[in-house]
Amino acid sequence: PGVIVHVEDNKVIGPVTPKVWAPNGIQVSRGSRGLVKGNEVHDATSPNPSAGAGSGMLLFCAGVSTVEGNKVFTSDLGIALGDNEKARVIGNEVSDSVFDAYSLQYIGTLFGPLGCPTFPSPTRENLLEGNKAFNSTENGVSLASFDLTDPMPPTKNRINNTDIKDSGIDGIHVFQGSGNRFVNN
């Protein structure tokens, strides 16, 4: 908490073999907050995604942050918000994700204590607007709770004006959640 970052106009290439567990291209987490703008991330993929997928960009228990005008290619998840609230994800482009292009998720205690400043840290009141999702193997946008002992589904998130094309399963998939709004996608 208290850390403010500005990550702009970088190119991040994912790890080469041997890859590590859940590599993330750019991560803002555990109370830090910031602006992630105009970056390009490639190949944030895990050798064992069922144990923890990598994200091109991840906001995890972050303070109020903005992710804007970025491009993510061929990552497990394109842009993920985990246990995060009040983020703005605007005008990004994600293509060829192994799983989902945009993922709003509640992790909770699934992997044990992960250093969030507060617990539980719900995934709520986030805004995704004007984004693009192309060729995801699974979903263009997904909302899910992964903590089976203390599920807290994503709530009151807004997904607006998102262009979703050629998803392998669904354009938008709500596994769990309530009060979420999807407009002009």
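Each value in this text was obtained by applying a stated rule to the coordinates, not by laboratory testing. Remember, predicted model here, so these are calculated numbers, not experimental data. Every residue, glycine as well, gets a Cβ built from its backbone with ideal geometry; the counts of neighbours run over all protein chains shown.
Taking R0 as 35 Å, what FRET efficiency do you get between His6 and Val183 from their Cβ-Cβ distance, rounded to the nearest 0.05? Mind showing how you got there, number by number?
Values: r = 30 Å, r/R0 = 0.85.
Once the sixth-power term is evaluated, E becomes 0.70.
Here the label points at Asp150 and Thr137, each 7 Å from Cα along the C-beta direction, are separated by 3.2 nm in the simple model.
Could you please report the charge total around Gly177, scoring K, R as +1 and D, E as -1 over all other residues with beta-carbon less than 13 angstrom from its beta-carbon?
With Lys, Arg at +1 and Asp, Glu at -1, the net is +3.
The residue among Asn84, Thr118, Val41 whose Cα reaches farthest toward the positive pole of the charge dipole of the stretch 36-125, with charges on the beta-carbon of Lys, Arg, Asp and Glu, is Thr118. Along the axis of the charge dipole computed for the chain (Cβ charges of +1 for Lys and Arg, -1 for Asp and Glu, origin at the Cα centre), the listed residues Gly177, Ser95, Gly140 are led at the positive end by Gly177.
For the stretch 88-112, backbone nitrogen atoms closer than 16 Å to the point 7 Å from Asn48 Cα along Cα-to-C-beta are found at 111-112. Pairwise Cα separations in the chain fall into 10 Å bins from 0 onward with the following percentages, short to long: 11, 42, 40, 8, 0. Checking the a/c ratio against 1.5 first, then a/b against b/c, what shape does the Cα gyration tensor give for the stretch 1-73? Since a/c reaches 1.5 but b/c is at least a/b, the shape of the stretch 1-73 is classed as oblate.
With a sphere of radius 10 Å drawn around the Cβ of Thr123, what net charge do the other residues whose Cβ falls strictly inside it have (Lys, Arg +1; Asp, Glu -1)?
Details: positive: Arg124, Lys156; negative: Asp83, Glu85, Glu125.
Result for the local shell: -1.
Which whole-number percentage describes the relative contact order of the chain, with Cα contacts under 8 Å and a sequence gap of 6 or more?
On the way: 618 pairs, mean separation 29.4, N = 185.
With pairs under 8 Å counted, the relative contact order is 16 percent.
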